[in-house]
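Single-structure report; data block below.
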Amino acid sequence: MFSLMGGGLLCAVSGLILLIVSTATDFWMQYRYSGNLSNQGLWRFCVGSKCHPHTITLAFWDATRAFMLLSILSSFAGIILGLTAYSSSVRSTRTRAAGITLLIAGLFALLGVSVYTGVTVNFYGKRYPDWRFSWSYILGWIAVILTISAGVFHICAVPRNSSPNGSNVASG
């Protein structure tokens with residue numbers, strides 16, 4: 001139980017760090033604009049070495065931002081629940097809650113990067129012939145995998161059956 005919880009917490013903390021880095025950085029997509037190498041993130045775009053905030057608000061940016069921020073918040077909550085499960089008398093309940101919270105965090109991150117993927121491929125992919133996804137975007141996908149794995153580890157760490165007198169019963 002503790003090894004699965006420890007692995008889950010390791011994945012969750014790693015996923016949270018990657019979610020924060022991915023959401024905060026400006027390298028979700030790179031493209032050529034007027035001969036200059038340009039890149040954009042969720043909050044601003046950079047042409048050459050000058051960065052500017054997005055001046056127009058598009059729904060897909062807002063949706064991606066919201067899902068990524070919700071993922072960060074719920075991942076943090078899942079980590080706190082997972083840590084408190086070590087010292088709590090209701091260990092299985094807290095571990096299960098941490099797993100569910102981390103799965104929800106992974107779902108939010110999955111929705112965020114999926115929305116970004118769909119719009120980028122269908123809109124920007126046709127507008128800029130020489131474009132590619134960049135490292136912030138890739139870190140977002142890695143964070144999805146780590147966060148969902150953390151949730152699965154926590155849920156697998158919960159004992160399956162327990163009898164009323166407190167001893168575990170093996171089912172076969």
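The values are calculated or read from the model by the stated rules, or taken from the named source; none is laboratory data. Predicted model, so just to flag it, every value in this text is computed and none were measured. No Cβ is skipped: glycine too gets one built from the backbone with ideal geometry, and neighbour counts run over all protein chains shown. Calculation scope for accessible area: heavy atoms of the full protein, side chains included, ligands and nucleic acids excluded. Shrake-Rupley method; radii C 1.70, N 1.55, O 1.52, S 1.80 Å.
About the Cα centre of the chain, what is the dipole size in debye to 20, counting +1 per Lys and Arg Cβ and -1 per Asp and Glu Cβ, all else neutral?
Values: 11 positive and 3 negative charges, 12 e Å.
The calculation lands at about 60 debye.
What is the calculated FRET efficiency for Ser49 to Val21, with r their C-beta to C-beta distance and R₀ = 35 Å, to the nearest 0.05? Once the sixth-power term is evaluated, E becomes 0.95. Leu146 sits with roughly 40 Å² accessible to a 1.4 Å probe, with DNA, RNA and ligands left out of the calculation. Top mean-square fluctuation among Cys11, Cys51, Cys156, Gaussian network model of the chain, C-alpha springs under 10 Å? Comparing Cys11, Cys51, Cys156 in a Gaussian network model of the chain, the most mobile one is Cys51.
Taking the chain as a whole, the Cys residues whose C-beta sits 4.7 Å or farther from every other Cys C-beta are Cys11, Cys156.
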